[in-house]
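Everything below concerns the one structure shown next.
The values are calculated or read from the model by the stated rules, or taken from the named source; none is laboratory data. Treat the numbers as computed from the prediction; the structure is a model and nothing was measured. So basically every Cβ, Gly included, is an ideal-geometry build from the backbone, and we count neighbours across all protein chains shown.
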Amino acid sequence: MATVQLSFALFSLCLLQYSSGVFSATFTIVNQCSYTVWPGILSSAGTPQLSTTGFALQTGESNAISVPTDWSGRLWGRTLCNYDSTGKFTCVTGDCGSGVLECAGSGALPPATLAEFTLNGAGGLDFYDVSLVDGYNLPMLVVAQGGTGGNCTATGCVVDLNSACPSDLRVNSVDGSENVACKSACEAFGDPQYCCSGAYATPDTCKPTYYSEYFKTACPRAYSYAYDDGTSTFTCASADYVITFCPSASTSQKSSYSEATDVSLVSSGSALSCILSPYVAGFIAISVTAWQL
Ligand SMILES: *[C@@H]1O[C@H](CO)[C@@H](O)[C@H](O)[C@H]1NC(C)=O
């Protein structure tokens, strides 16, 4: 009898976790840039905002955030942020227009490197990518941890595309001394061919261009234009994610991948206990039954 109750209690707990969306993934956001980054997070329409939508990360700092399993949205890094004399918070790149540290329902002003997530989507898989469709402002790496199935590999754009940015796509710092971001050709020229709009609004008509190929060559796993899905979308089930800014600040791409993997191994213990609890309860039931015999 006690076993039945225990089993029921554990089962209810799991059911509650699933139905309330409490059962969650962890995003660990790491700043390995030599400068401060202010991450911004925007949930997709109809998805509640996370516990934070914007904060500062000094060099070497990280922040772990709980994310509901069915969350979808995007995450990016804001750079060169400041409070002006009136107390308004603005960033030279990736600004979300809120005027304060936290974002408020708006995404990054392009150009900005974006990490995009749809957790627990089709087939129970998480879909994730790093996109340069809205341009580039800093190197970013996304590493799935503890997940299964799909193609759980690391993705991102780990090179510095600011210094290498084609001259007609460059965004200069206020004093003009350095490139702080690199526009997409769509943003720079507004041409439907670059934007995959108008007559170019289908995968058949919108093809890679000179500019998208430039991005693709530099960052083969990142989205370089709107219909770049085949080589840029990654899938994984029940994973946690480490999102690192400037993963290769001083090292090669290869070692940066393992560094990022080492940064944080936040495992989803709750997921495991929930999956295992029926078996644990069953095991206790069998043990108790055997003992009673
Ligand atoms: C990853 O798998 C998905 C299907 O689950 C597929 O659509 C996508 O093209 C794959 N990504 C890569 C980069 O191979």
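Below are the figures for this structure:
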read-out: Tally of residues being over 26 Å from the mean Cα position of the chain (by Cα) and polar (S, T, N, Q) across the stretch 144-171; value: 1
read-out: Test: L125 is surrounded by 14 or more Cβ atoms within 10 Å (Cβ to Cβ) and under 27 Å from S34 (Cα atoms); value: no
read-out: Which numbered condition Y227 misses (of (1) without any contact (Cβ under 8 Å) to a residue 60 or more places away in the chain; (2) under 26 Å from Q58 (Cα atoms); (3) within 16 Å of the ligand (Cβ to nearest atom); (4) not hydrophobic (A, V, I, L, M, F, W, C)); value: (2)
read-out: Filter result (within 16 Å of the ligand (Cβ to nearest atom) and polar (S, T, N, Q)) within the stretch 230-249; value: T231, S232, T233, T235, S238
read-out: Hey, N120 surrounded by 14 or more Cβ atoms within 10 Å (Cβ to Cβ), without any contact (Cβ under 8 Å) to a residue 60 or more places away in the chain and not aliphatic (A, V, I, L, M) or not; value: yes
read-out: Matching residues in the stretch 197-224 - criterion: being in a helix (DSSP H, G or I), within 16 Å of the ligand (Cβ to nearest atom) and among the hydrophobic types (A, V, I, L, M, F, W, C); value: F215
read-out: Residue within the stretch 136-158 that is more than 16 Å from the ligand (Cβ to nearest atom), of a type in the set (G, A, S), over 23 Å from K216 (Cα atoms) and surrounded by 14 or more Cβ atoms within 10 Å (Cβ to Cβ) present; value: yes
read-out: Matching residues in the stretch 75-108 - criterion: being within 20 Å of the chain's Cα centre (by Cα) and aliphatic (A, V, I, L, M); value: L75, L101, A104, A108
read-out: Of the criteria (1) among the hydrophobic types (A, V, I, L, M, F, W, C); (2) farther than 29 Å from C81 by Cβ; (3) modelled with pLDDT under 95, which one C206 fails; value: (3)
read-out: So L114, is it away from the ligand (no atom under 16 Å from the Cβ), over 16 Å from the mean Cα position of the chain (by Cα), closer than 19 Å to A226 by Cβ and crowded, with 19+ Cβ neighbours inside 10 Å; value: no
read-out: Those residues of the stretch 163-187 which are more than 16 Å from L114 (Cβ to Cβ) and assigned to a helix (DSSP H, G or I), in sequence order; value: S167, D168, L169, A185
read-out: Any chance G40 is surrounded by 15 or more Cβ atoms within 10 Å (Cβ to Cβ) and either modelled with pLDDT of 95 or more or within 18 Å of the chain's Cα centre (by Cα) (or both); value: yes
read-out: Flag for S34 being among the hydroxyl-bearing types (S, T, Y) and modelled with pLDDT of 95 or more; value: yes
read-out: Residue within the stretch 100-110 that is touching a Pro at 6+ places or on another chain (Cβ under 9 Å) and crowded, with 23+ Cβ neighbours inside 10 Å present; value: no
